[in-house]
Amino acid sequence: LEDTAYTLIVEAVTGDKVTKETYTLSVGDFIYALDKPNYPVIKAKIIEEGKYQTILTFSGDSNLPFSIPCGTLDLDANAHALTQIEKIYSYKQDTQVWEDKIPSEFSSLEENKGYLLKLKKGGTATLTIDCSLGAGTNPPLDLAELTSLPDLKAGWNLVGIGGYLPVSMKKMITKVPANKQIVKAYTISNSGVVFEDITEFEPGKAYWIKIG
């Protein structure tokens, strides 16, 4: 088997109730992998107990949507890859406007936000991020401790989830401001916006969520 993480989803149906459990087969210390068309390849592995490294590999000529599953991506520490990147796009929730910048205009990329990255023609880029489970001497070993959700505001939000486990729509609703609701939620791929019902949010992907 290739060194990666393989996901197994088991569904059980009892009457009208569907129960779903997600299991990960880890090969070569990898705990998560997103390897699907229209996205960058994102893999995460354990580098030592309580510490993880995420590797994002970009290729192709389209704008690739993504989010940071864990930690803060220091672009200066990834200077070797920046020469291959033409633009990085983000969305300001407060003013509801796009920002498109060259990599040197960003200091870092943060988890819980969605981004799009455009490579220079024929380019490829690999970015790495390290993160840990807490600052204590005995960090929790449960990956669920890494999960974090974005702060949602009125209007459109371009977001991702933190951590390496899927998050249900039910959990995302807990971040909706008082007296508001999720009006629309779409997955983004490099082929455009995917207009289909979202039941859960996957690490590494970017999503449009409208609050009204």
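The values are calculated or read from the model by the stated rules, or taken from the named source; none is laboratory data. These figures come from a predicted structure and were not determined experimentally. Every residue, glycine among them, receives a Cβ derived from its backbone with ideal geometry; neighbour counts consider all protein chains shown. Note: accessible area is taken over every heavy atom of the protein model, side chains too, but ligands, DNA and RNA are not part of it. Shrake-Rupley method; radii C 1.70, N 1.55, O 1.52, S 1.80 Å.
Points worth noting:
- One residue stands out in segment 144-170 among those that are of a type in the set (Gly, Ala, Ser), outside any loop (DSSP other than H, G, I, E, B) and on the phi < 0 side of the Ramachandran plot: the one that is least open to solvent (accessible area, probe 1.4 Å), namely Gly162.
- The number of residues in segment 187-210 being open to solvent by 40 Å² or more (accessible area, probe 1.4 Å), touching a residue at least 40 places away in the same chain (Cβ under 8 Å) and among the polar types (S, T, N, Q) comes to 2.
Here is a yes/no grid of residues against (1) among the aliphatic types (A, V, I, L, M); (2) under 28 Å from Leu165 (Cα atoms):
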site	(1), (2)
Leu56	yes, yes
Lys87	no, no
Gln96	no, no
Ser107	no, yes
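- Considering only residues in segment 31-77 that are in contact with a helix residue (DSSP H, G or I) (Cβ under 9 Å, 6 or more places away or on another chain) and surrounded by 15 or more Cβ atoms within 10 Å (Cβ to Cβ), the one that is nearest to Leu146 (Cα to Cα) turns out to be Cys70.
- The set of residues from segment 102-129 being touching a Pro at 6+ places or on another chain (Cβ under 9 Å), without any contact (Cβ under 8 Å) to a residue 60 or more places away in the chain and assigned to a strand (DSSP E or B) comprises Glu111, Lys113.
- Note on segment 1-54: among residues that are part of a loop (DSSP other than H, G, I, E, B), among the acidic types (Asp, Glu) and modelled with pLDDT of 80 or more, the one that is nearest to Leu133 (Cα to Cα) is Asp29.
- Contact map, segment 19-41: first residue acidic (Asp, Glu), second residue modelled with pLDDT under 65, Cβ cut-off under 6 Å, separation 6 or more or different chains; pairs are Glu21/Val10.
- Note on segment 78-105: among residues that are among the acidic types (Asp, Glu) and open to solvent by 70 Å² or more (accessible area, probe 1.4 Å), the one that is nearest to the chain's Cα centre (by Cα) is Asp100.
- Applying the set (1) without any contact (Cβ under 8 Å) to a residue 12 or more places away in the chain; (2) outside any strand (DSSP E or B); (3) among the charged types (D, E, K, R) to Glu99 leaves exactly one unmet item: (2).
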